[in-house]
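My questions all concern the structure below.
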């Protein structure tokens, strides 16, 4: 019973880490799209080059922050993978067929395999 609870908790953590990674990547892609739309709108409006520069600087700051956050989550992911080795019963656990983490678009019938 306890072993299954530990496995379930580990699966939930691994799934959440993957969801956070996907969310950050999605946010980065959305910001890139926003930058492109701003540039197109600025070009169509034929306003000065400086008109949107403060906006682009703020977006660049946001991107830098998200990239730093992404790196921190990568470090968190690696630390969790390392920590797994210290939990009895999880040292040899793999989730799914590829790698140690659930796939980005997992199926509801995935089970932890010991």
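Where a number appears in this text, it was derived from the coordinates with a stated rule and is not lab data. A quick note: this is a predicted structure, and the numbers were derived from the prediction, not measured. No Cβ is skipped: glycine too gets one built from the backbone with ideal geometry, and neighbour counts run over all protein chains shown.
Given points 7 Å out from each Cα along the Cα-Cβ axis, report the residue 81 to residue 26 separation in nanometres with one decimal.
Between residue 81 and residue 26, the simple spin-label model gives 2.4 nm.
Order 37-50, 7-20 from most to least packed using the mean count of other Cβ atoms within 10 Å.
By packing density, highest mean first, the sequence is 7-20, 37-50.
Using 0.36 nm per residue of separation minus the Cα-Cα distance, give me the extension gain between residue 3 and residue 61 in nm, one decimal.
Full extension from residue 3 to residue 61 adds 16.4 nm.
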